[in-house]
Amino acid sequence: MRIKSNPIVIKSGYQLLDHFILSEESWLSNYYSPLEKELATLKKDLSKDEETKEVVQSYKDEIELYKRFKDYFGYGFYVARKVN
């Protein structure tokens, strides 16, 4: 599906040039899997830093949500140019 316009993009003063949806494979293999490995390593290094623990948990929650509900949402990227 190709979108030729987007009201938010246009209202913000841009012309939509293109867009694409990132594939499930891209998110799982190229982003979430490596991130999970890094989070596991980071978790081992955590001392009593509560803020870091919260950040790590928020990433874990995001990964879990994506895995559970990936059939219902996705991530889109828009390429736009500022209109003079």
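Our summary of shape: the Cα atoms of the chain have principal axis extents of 52, 28, 18 Å, ordered from largest down, in whole angstrom.
Computed from point charges on the beta carbon alone (+1 for Lys and Arg, -1 for Asp and Glu), the dipole magnitude for the chain about its Cα centre is near 480 Debye. Per-residue surface analysis assigns Leu17 an accessible area of about 90 Å², computed on protein heavy atoms at 1.4 Å probe radius. Using label points projected 7 Å from each Cα along Cα→Cβ, tell me how many nm separate Tyr78 and Asn6, to one decimal. So the label points at Tyr78 and Asn6 sit 0.4 nm apart.
The residues of the chain expose on average 82 square angstrom of accessible surface per residue, using a 1.4 Å probe on protein heavy atoms. Could you state how much accessible area Ile63 has, in square angstrom rounded to the nearest 10, with a 1.4 Å probe and all protein chains kept in place? Here the accessible area works out near 10 Å².
Between the helical axis of 33-45 and the longest alpha-carbon principal axis of the chain there is an angle of about 40 degrees. Where does the chain land at 222 nm, in deg cm²/dmol rounded to the nearest 500, when only DSSP H runs of n ≥ 4 count, each adding -39500 (n - 2.57), divided by all residues? Helix contribution divided over all residues of the chain: -14000 deg cm²/dmol. Overall, the accessible surface of the chain at a probe of 1.4 angstrom is composed of carbon and sulfur to the extent of 53 percent. Relative to the dominant Cα principal axis of the chain, helix 50-69 is inclined by about 60°.
The values are calculated or read from the model by the stated rules, or taken from the named source; none is laboratory data. All figures in this text were calculated on a predicted structure; none of them were measured in a lab. Here Cβ is always computed from backbone atoms with ideal geometry, including for glycine, and neighbour counts include all displayed protein chains. Side chains included, ligands, DNA and RNA excluded: accessible areas come from the protein's heavy atoms. Shrake-Rupley method; radii C 1.70, N 1.55, O 1.52, S 1.80 Å.
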